[in-house]
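In what follows, a structure is listed as structure tokens, so that the remarks can point back to it.
The values are calculated or read from the model by the stated rules, or taken from the named source; none is laboratory data. Predicted model, so just to flag it, every value in this text is computed and none were measured. Glycine gets a Cβ as well: all are built from the backbone with ideal geometry, and neighbour counts include every protein chain shown. The protein model used for the area step is the full one, side chains on, heavy atoms only, and it has no ligands, DNA or RNA in it. Shrake-Rupley method; radii C 1.70, N 1.55, O 1.52, S 1.80 Å.
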Amino acid sequence: MMLMKNQIIKLACITFACAVVSACDTDFDNPVSGSSGHSGDADLSKFVTIGDSLTAGYADGALYKSGQENSYPAILAQQFAKVGGDSNFTQPLVSDNLGGLLINNVQYFDNRLVLNLTDPTSPSPEPIAGTPTTEAIGSGLNGSVFSNMGVPGAKSFHLGAPGYGNPLGLPAAANPYFTRFASDPATAAMITDAAAQQPSFFVMWIGNNDVLSYATTGGVGVDQSGNPNPATYGSNDITDPTAFAGVYAQLVGAFKVANPAVQGVLVNIPDVKTIPYFTTVPYNPVPLDQATADYLNGQYAAYNGGVAAILAANPAEVAKRTINFTAGQNAVVIMDEYLTDLTGFNPALINMRQATADDLLVLTSSSKIGTLANPADPSTVWGVGVPLQDGDVLIPEEIALIDAARTAFNNTIKAAADADTNLVLVDSAAVLEEISNTGIDYGTGAINANYATGGAFSLDGVHPTARGYAVMANAIIDEINTGFSASIPRVDPGTYTTIFVK
Amino acid sequence: MKTRILIIASMCISTSALAGGYRVATQGQKALGMAHTGVAMTESSEVIFFNPAAMTSLKNNLDITAGTTLIDSVTKYQNQTANTSAETDNPLGTPSNFYIAQRHDEKLSYGLGLYTPYGNVVEWEKDWSGSHLVNNIELKAIYIQPTIAYKLSDTYSVGFGPAIVYGLVEFNRNLSTSLIDGNGNRSNVTLKASGVTAIGYNVGLLVKSSNDLSVGISYRSKVDLKARDESADFENIPTSLQGEYFDTTFNADLVLPAELTLGLTYNISADTVLAFDINRTYWSAYHNLDVQFNNGAGTSFNPRNYKDANIFRLGVQHKMNDDLTLRAGVYLDNAPINDGYFTPETARADSTGLTAGASYKVSKRMELDFSFLQLIFDEFNGSYDHYDQSGTIISFSGDYKSSVTAIGFGLNYKY
């Protein structure tokens, strides 16, 4: 009997020990890949990127070192290296984290923005203090080529332009960022420096500035659709879609000539309406009491009456142009060059109207609205007594021009990707739309497009934060993994920074 | 003298959660060996915690118990979407207890208990993915419970003990998912409270319905720890925010929920006892962990929204001979956490506890107690969906897996 009891105890102990051993195992059934993966059919042995500020890692209104180190190309290169890809990815790093740029020792571009929260009710971005040390001319970087050929400000047709970094053309006719690191600033084109590296794999994200510079300047430029000669364009014009298509084919072709087996990613152009630069300032930011509204309506009575008299045959425009303030939040008064010019009848009947929800006020207008156009005259409040200018607002006609050009560009980009099995398309427009509409949950947190607080966009309201670039890098990784049967590990965007508070 | 005991106790007692929430069920080595059952057991002065009424059934005039449990716990976290993982590096937990029971006469017994039923030590890697929820937390609640028990009849006994509760907490987390100072260091806040005092009680009924069957009920009251004007240390705050986020004081309330236990013991032979307990912990009292800062940070709202939860415990004790007693047990612990409220500061899923224990008489009056516990946690996918950052709810989700191993040592002196 005693023997049997001991055997039972022994058996119980063994069972117990087995259970304990298995319980100590805290490994997950399906562990994360971490830094392991494989490159599948992708040849990542020589990786080159080309593009504009978004490819350079520009953020907070400047190109600064940590921004470059967290650029989407840098993030991709780091992840590629984990699956045996290019471990010699190089970037033309600037000299400091202030971000300002000097031309011949004179500061040409401002330092990066930081957010001043001293007054919590009025957060204000301002350039970080300090004297930058990054010089465009004689940087010491010329003579070699860099894997990341992202140049802030570059448009599609700039990529093929020889001497785009020519110091003799500075500042207006050349790009000082390319002057810094062109193999030969006087003669080199961005695409030739890129293709000369004979990449096995490239990412090209170009065409943003072909609409964006028009948009951020409130549409003061010209839509050049139908004019295929970029040499005649102003800096804030919309590029002709036909010219874009021609240039784009040449750029893709240049990589293929350098390496017929080249693989790559083509990234399309996001909608400007998804970025906080155009979505932060409301169209109706003017709070008024009844007395002030009445006073202002009195001031505009002559204008309203004049417009109504002359445009009696066009009641729709009369309604659009009739200015009426009420107690509460009021729309700003803006200039609209698409209205009928009445100044021939009466110079006081300028092309102005009140904004609607369809007008997009640019981010920089927030520091202008409410201030005095003429400091000596208290009735000249911008947006109230004096209309905001063309450059302060994108009106629906201008937005339509941007949309038309962007749609054409993206059709070109998609066609180029579809035409070549070695190329995949990354729909950055969809990514930014998701950030803007619902935000993106990246697993350990989320970002959205709210200015300063959303985490996706840096303080310039146009360029992503490092965290936003990481989300973009993941989107590119996803497409590469799908398109080339690879399993390149994603990054955790939560480990990347967002905005910087002073 | 009492003060000194308290200081010593607070120095050597640190605990680690090994039940749902921040309940730490290691209040007796003999009990822990048999799945932490005990509401109807009458083995030693551990009954002061498990059921004060059972003091009347102790066999000796004086019974002193002291014990410590070494708890090694680890929680792993991973998130597939972000391709990231993290792991706690918790210090060894050492919850301890001390009980003394004295028989006054046939009817009346009295005693004193010192134990730590609630606590939590979790240390994640600093600035890990969930650092906006917690970097590290250390919570202790020390109960000091003078107790009396009275035998109403041979069948019925009652017991009661008011408890003085001392709470200590240290909690650090980052201020948001992104805020950094000019040097890139994450902005964070450390809350420190010590000597938060509150009063509770422990009451019990023991029914010895026959020589072989006993039934026990005990109830430990809810205790509200109210931290007032304790220290909040803000670190790595950007310059322009320092006018708002300066070192200050804070107020916060933490609830230690009530617990009802119902259980029985049955002697299946002269040497073998079976024990079965059900604990119901009224976690639904834990609504939130709001922290009110006396600076521009205002109030931090942290909904917890726990639910009441049950634990089922089954233990067995067998006397091998006069000197050696062996114990074993198993329990099922249901986590009190609702969907969407799973936070990494108490990242506990449902678990199964396997226990073993032994007592060995080293002398006529002195017995050594040993216990062993392995808690087996299910792999769990949980998320916390109530973190509000600038008006946006930011979810934190992922897979969690925990393991807890505990080894306990105790002494039991009977005279």
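Listed values, structure above:
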read-out	value
Options B:Ala349, B:Ala275, B:Ala335, B:Ala328: the member that is part of a strand (DSSP E or B) and open to solvent by less than 20 Å² (accessible area, probe 1.4 Å)	B:Ala275
Checklist (1) over 24 Å from A:Asp52 (Cα atoms); (2) under 14 Å from the mean Cα position of the chain (by Cα) applied to A:Gly455, failing item	(1)
Residue list for segment A:106-138, filter: open to solvent by 20 Å² or more (accessible area, probe 1.4 Å), over 21 Å from A:Thr364 (Cα atoms), at pLDDT 95 or above and part of a loop (DSSP other than H, G, I, E, B)	A:Gly130, A:Thr131, A:Thr133, A:Ile137
Qualifying residue in segment B:227-248 (condition: at pLDDT 95 or above, in contact with an Asp or Glu (Cβ under 6 Å, 6 or more places away or on another chain) and β-branched (Val, Ile, Thr))	no
In segment A:28-72, residue farthest from the chain's Cα centre (by Cα) [restricted to those that are aliphatic (A, V, I, L, M) and part of a loop (DSSP other than H, G, I, E, B)]	A:Val32
Residue match in segment B:86-106 (condition: closer than 30 Å to A:Ile75 by Cβ, touching a residue at least 12 places away in the same chain (Cβ under 8 Å) and more than 21 Å from the chain's Cα centre (by Cα))	yes
Single unsatisfied condition, B:Ile394 versus (1) surrounded by fewer than 21 Cβ atoms within 10 Å (Cβ to Cβ); (2) of a type in the set (Val, Ile, Thr); (3) within 11 Å of chain A (Cβ to nearest Cβ)	(1)
Any hit, segment A:305-318, residues being closer than 22 Å to A:Val220 by Cβ and either hydrophobic (A, V, I, L, M, F, W, C) or crowded, with 17+ Cβ neighbours inside 10 Å (or both)	no
Residue in segment B:296-318 that is closer than 30 Å to A:Ala456 by Cα and open to solvent by less than 20 Å² (accessible area, probe 1.4 Å) present	yes
Residue among A:Ala486, A:Ala446, A:Ala475 that alone is closer than 24 Å to A:Thr216 by Cβ, of a type in the set (A, V, I, L, M) and assigned by TED's automatic domain parsing to the domain that holds A:Phe109	A:Ala475
Where A:Ile275 falls short, out of the listed (1) more than 22 Å from the chain's Cα centre (by Cα); (2) crowded, with 24+ Cβ neighbours inside 10 Å	(1)
Count of segment A:100-125 residues which are more than 14 Å from chain B (Cβ to nearest Cβ), without any contact (Cβ under 8 Å) to a residue 40 or more places away in the chain and under 25 Å from the mean Cα position of the chain (by Cα)	3
From A:Asn268, A:Asn297, A:Asn304, A:Asn330, residue being in contact with a strand residue (DSSP E or B) (Cβ under 8 Å, 6 or more places away or on another chain) and either modelled with pLDDT under 95 or under 30 Å from A:Gly383 (Cα atoms) (or both)	A:Asn330
Members of segment A:353-394 found to be part of a loop (DSSP other than H, G, I, E, B) and among the charged types (D, E, K, R), listed by number	A:Asp358, A:Asp359, A:Lys368, A:Asp377
Cβ-Cβ under 6 Å pairs, at least 6 apart or on other chains, segment B:119-137 side under 17 Å from B:Ile180 (Cβ atoms), far side basic (Lys, Arg)	B:Asp127/B:Arg186; B:Asn135/B:Lys126; B:Asn135/B:Arg173
Unique residue being surrounded by 19 or more Cβ atoms within 10 Å (Cβ to Cβ), assigned to a loop (DSSP other than H, G, I, E, B) and among the aliphatic types (A, V, I, L, M) when the list is A:Ile269, A:Ile334, A:Ile350	A:Ile269
Positions within segment B:55-83 being within 14 Å of chain A (Cβ to nearest Cβ), in contact (Cβ under 8 Å) with a residue 60 or more places away in the chain and open to solvent by 20 Å² or more (accessible area, probe 1.4 Å), in sequence order	B:Asp72, B:Val74, B:Lys76, B:Gln80
Options B:Tyr400, B:Tyr387: the member that is touching a residue at least 60 places away in the same chain (Cβ under 8 Å), within 24 Å of the chain's Cα centre (by Cα) and either open to solvent by less than 30 Å² (accessible area, probe 1.4 Å) or more than 8 Å from chain A (Cβ to nearest Cβ) (or both)	B:Tyr400
Condition check for B:Asn321: part of a loop (DSSP other than H, G, I, E, B), over 19 Å from the mean Cα position of the chain (by Cα) and within 18 Å of B:Phe380 (Cα to Cα)	no
Matching residues, segment A:218-240, being surrounded by 15 or more Cβ atoms within 10 Å (Cβ to Cβ) and within 20 Å of the chain's Cα centre (by Cα)	A:Gly218, A:Gly219, A:Val220, A:Gly221, A:Asn236, A:Asp237, A:Ile238, A:Thr239
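Yes or no, residue by residue, for (1) part of a loop (DSSP other than H, G, I, E, B); (2) more than 12 Å from chain B (Cβ to nearest Cβ):
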{"residue": "A:Lys414", "(1), (2)": "no, yes"}
{"residue": "A:Leu432", "(1), (2)": "no, yes"}
{"residue": "A:Asn450", "(1), (2)": "yes, no"}
{"residue": "A:Asn474", "(1), (2)": "no, no"}
{"residue": "A:Thr482", "(1), (2)": "no, yes"}
{"residue": "A:Ala486", "(1), (2)": "yes, yes"}
{"residue": "A:Thr498", "(1), (2)": "yes, no"}
